[in-house]
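*Asks:* Right, I'll just put the structure down here and ask away after.
The values are calculated or read from the model by the stated rules, or taken from the named source; none is laboratory data. Everything numeric in this text was worked out from a predicted model, so none of it was measured. A quick note on method: Cβ atoms are made from the backbone with ideal geometry, for glycine too, and the neighbour counts reach across all protein chains shown.
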Amino acid sequence: MGLVKFLSKRLVAIAITISAVLAVGYVLIYISPGTFYSSTNMGQGLSQLQVSDPTLYNQYINSLNSRYGLNHPLIVQVVDYVWHSLSFNFGTSFENPSVPIIHQLASALPISALLAGGAVTLAVVLGVPLGVLAALKRNTLVDSALTTVSMVGQAVPSYVLAVLLVLLFGVWFPGIFPVNGWGTIGEAVLPIVALAAGNVAIVTRYTRGSMVEALRQDYVRTAEAKGVARRRVVLRHALRNSLVALVTVVGPTFAFTVISTLWVEQIFSIPGMGSLLSQAFQDKDVPMSITSVYILSLLVMGMNLVVDMLYRFLDPRVKLE
């Protein structure tokens, strides 16, 4: 019963937050310079219609106003858009009105999720052992080296590393890994590496901090005093308790990594969520732009909810309230 109550309250909070994000995003785009009809393809088409037949031009404008609800007051537009978006009825975009937005998202979002999932998985696989090693070698040359590398990795943006990887494997050592396109495992390697580098640094630093704190606890010293093997103390006791703090980082990191694909997908010519969102903002495709922001916001809040649920699984002492 407590779980049901917790989920109900969180889902209501997520719905309210998403509604606010959509409302603010819609209003900001509405009052931004330019009009809803300033995308490249639509602008060219309307210019031709205006020259050839002003009546046809006005009819087309009126049909667009009616189709996208732009003939209503702003408050009505906002309420209608929020209501339809919460039910995942996003309508059609300006640039591709023949294909519903939900269908475009269905083909683009899995690609970005795969890249983000691969990057986070690689970050955990590499970052956890490096963090444990740094904690066990605390205040030594190994610890200092790993900490320095982690700081550098966290400071370099993913799109900068992506450009360097393209330069490395596209110009200096061509043929080892593909530097553009999507569809094979090889084409996913460089984008995942570019997205994972910063995450490896984050996971390493958080794992080190959690392990250092765990190794100072009384239960660890008690286990060592009883003669429990060092390896078992580290892996079964200290590391297991450190995972609770690590989950705090890994969950939101996945959501923000999906957002980071915005730049990486363009560099590697990958048709994912990032490319879709970038093209939508570039063409001032309002329905697609707001929908993409909605999906990314929902992803962030959804991952926070998953993290809270994992807390309860990893640590039975945690109560969902």
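*Asks:* Looking at region 116-138, which of its residues are farther than 13 Å from Arg208 by Cα and not small (Gly, Ala, Ser)?
*Replies:* Passing the criteria: Val120, Thr121, Leu122, Val125.
*Asks:* On to the next question. Residues that are at pLDDT below 80 and either in contact with a helix residue (DSSP H, G or I) (Cβ under 8 Å, 6 or more places away or on another chain) or not in a loop (DSSP other than H, G, I, E, B) (or both): does region 74-90 have at least one?
*Replies:* No - not one qualifying residue is present in region 74-90.
*Asks:* Going through region 82-126 one residue at a time, which ones are more than 19 Å from the chain's Cα centre (by Cα), under 22 Å from Thr253 (Cα atoms) and touching a residue at least 40 places away in the same chain (Cβ under 8 Å)?
*Replies:* Listed by number, the list holds a single entry, Leu126.
*Asks:* For region 222-321, please list each of the helices (runs of 4 or more DSSP H) lying entirely inside it that holds at least 1 residues being of a type in the set (Phe, Trp, Tyr) and touching a residue at least 24 places away in the same chain (Cβ under 8 Å).
*Replies:* 239-267, 286-314
*Asks:* Before we move on, is Val149 of a type outside the set (Lys, Arg) and either within 22 Å of the chain's Cα centre (by Cα) or surrounded by 13 or more Cβ atoms within 10 Å (Cβ to Cβ) (or both)?
*Replies:* So Val149 passes the test.
*Asks:* Mind checking which residues of region 140-163 are under 10 Å from Gly198 (Cβ atoms) and not in a helix (DSSP H, G or I)?
*Replies:* Of everything in region 140-163, those that are under 10 Å from Gly198 (Cβ atoms) and not in a helix (DSSP H, G or I) turn out to be Val156, Pro157.
*Asks:* Can you name the residue in region 160-177 that is in contact (Cβ under 8 Å) with a residue 12 or more places away in the chain and surrounded by fewer than 19 Cβ atoms within 10 Å (Cβ to Cβ) and is also nearest to Gly274 (Cα to Cα) among such residues?
*Replies:* Residues of region 160-177 that are in contact (Cβ under 8 Å) with a residue 12 or more places away in the chain, as a first pass: 161-163, 165-166, 169, 177.
Narrowing further to those that are surrounded by fewer than 19 Cβ atoms within 10 Å (Cβ to Cβ): 163, 166, 169, 177.
Values: Val163: 16, Val166: 18, Phe169: 22, Phe177: 21 Å.
The qualifying residue nearest to Gly274 (Cα to Cα) is Val163.
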